[in-house]
Amino acid sequence: MPGLDTYLREWRPEPLVETDALPADPSRALAAALGTTAPEEVLPPLWHWLHFLDWPRHAELGADGHPEHGHFLPPLPDRRRMFAGGRLTITAPLRLGAPAERTTSLADVVVKQGRSGEMAFVTVRGEYRQDGELRFVDEQDYVYRSGESAAKNPDAARPTGFPVSGAPWQQEFTGDPVRLFQFSALTANTHRIHYDAPYAHDVEAYPGLVVHGPLLVLLMTELARHRAPGRELAGVDYRLRRPVFAGDPVLITGGPDGAMAVRTAPEEVMATARITFG
């Protein structure tokens, strides 16, 4: 098969401009799913992931439930995607109920050789404006490969208890199918690994339903937001290291220094975030 560079050499999608009215209902629904209080006036950090959504026609979805084509989906054969991380830089929050504009562009695409083969690292940049002013910049990093990785093990051992931590901020979390279904619906994520257990195990070789990476990031930012209510979040730099599965007990940890993590027992770090306070 040709190298990934062959497929990506001419791939340079044009920037895409979209608008959203920012209704309050999605925030109320997410607050109910997370068991927290719904925002009244402004969107908390990363809650904009509930807006500017794309719902492709059913016929445009692949066997995995994910869109076969998309403006910022690279044209790779047998494409597999992993959400690897990102950065959010906040100047001001978005107000609920006021129209906002997002300009999305391809920030970077690099092909690298990993232990399991070639991977394409794609960064998509979103600039969010309201009343003509730039409110924040959201850069998301994705890793793509052609074909499945051989590293998965559907019968891998699973954590059975929560880890122990001395972090000043802690919150226990266990993803369940209902909450994963809610988050999939709220973020227009139709990938079957989040709600179809037989597919996740038998086809994708996962030991269970996969907890959404963005949900893990939100758990970290929400812990910081609620434990430091007098401090504004000015930025978030996050990395997703390993998948978390439904039923796995995880501990969200952090502290006033802004160093956040998602941990399992034994001590494994599944995701990290560095939060900057204004």
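The values are calculated or read from the model by the stated rules, or taken from the named source; none is laboratory data. From a predicted model like this one, the values you see are computed outputs, not experimental measurements. For neighbour counting, all protein chains shown are included, and Cβ atoms are generated from backbone atoms with ideal geometry for every residue, glycine included. Areas reflect the complete protein model, heavy atoms only, side chains present, ligands, DNA and RNA absent. Shrake-Rupley method; radii C 1.70, N 1.55, O 1.52, S 1.80 Å.
Key figures for this structure:
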| quantity | calculated |
| --- | --- |
| Rounded to the nearest 20 debye, dipole of the range 39-113 from Cβ charges on Lys, Arg, Asp, Glu | 240 |
| Note, ³J(HN,Hα) from phi for the range 259-265, Karplus 6.51, -1.76, 1.60, rounded to Hz, x at Gly and Pro | 7, 10, 7, 10, 10, 10, 9 |
| GluC sites (Glu not before Pro) lying in DSSP loop within the range 13-90, provided at most 10 other Cβ fall within 10 Å | Glu40, Glu41 |
| Computed over the range 140-278, the ratio Rg/Rh where both radii use C-alpha atoms and Rh is Kirkwood | 0.98 |
| 3J(HN,Hα) from dihedral phi, the range 39-55, Karplus parametrisation 6.51/-1.76/1.60, rounded to Hz, x for glycine, proline | x, 9, 10, 10, 7, x, x, 6, 6, 5, 5, 7, 10, 6, 8, 10, 10 |
| Accessible area per residue, Å², the chain with all protein chains present, probe 1.4 Å | 49 |
| Net charge contributed by nearby residues that have their C-beta within less than 12 Å of Met220 (K/R +1, D/E -1) | +3 |
| Those GluC sites (Glu not before Pro) in the range 143-245 that DSSP places in a loop and that have at most 14 other beta carbons within 10 Å | Glu148, Glu232 |
| Helix-only [θ]222 nm of the chain, DSSP H runs n ≥ 4, -39500 (n - 2.57) each, per residue, nearest 500 | -4500 deg cm²/dmol |
| Relative contact order [Cα under 8 Å, 6+ residues apart], the chain, whole percent | 19 |
| For the range 118-171: rounded, prolate or oblate by the Cα gyration tensor [a/c cutoff 1.5] | oblate |
| Vicinal HN-Hα couplings computed from phi for the range 126-133 (Karplus, 6.51 cos²θ - 1.76 cosθ + 1.60; Hz; Gly/Pro x) | x, 10, 10, 10, 8, 6, x, 10 |
| Whole-number percent relative contact order across the range 1-133, with pairs defined as alpha carbons under 8 Å at least 6 apart | 34 |
| Electrostatic dipole magnitude of the chain [Cβ: Lys, Arg +1; Asp, Glu -1; Cα centre; debye, to 20] | 540 |
| Percent carbon-and-sulfur accessible area, the range 1-72, ignoring ligands, DNA and RNA, probe 1.4 Å | 51 |
| Charge sum, other residues only, whose C-beta stays under 12 Å from Asp78's C-beta, Lys/Arg counted +1 and Asp/Glu -1 | +1 |
| Local electrostatic count at Trp55 - Lys and Arg +1, Asp and Glu -1, tallied over other residues with Cβ under 15 Å | -4 |
| Point-to-point label distance, Gln171-Glu232, nm (Cα→Cβ direction, 7 Å offset) | 2.2 |
| Distance histogram in 5 Å bins (all Cα pairs of the range 1-106, percent per bin) | 2, 9, 15, 17, 18, 16, 11, 6, 3, 1, 0 |
| Computed FRET value (nearest 0.05) for Glu18 with Leu134, which takes r as the C-beta separation and R₀ as 22 Å | 0.90 |
| For Kirkwood radius over Cα pairs in Å, calculated from these coordinates, the label among (i) 22.1; (ii) 18.6; (iii) 19.7 | (iii) |
| Dipole axis of the chain (+1 Lys, Arg; -1 Asp, Glu on Cβ), positive-most option in Val211, Ser116, Phe52 | Ser116 |
| R0 of 35 Å, Cβ-Cβ distance Arg9-Thr160: FRET efficiency to nearest 0.05 | 0.15 |
| Residues with amide H under 5 Å from that of Phe245, placed H, sequence gap 5 or more | Val211 |
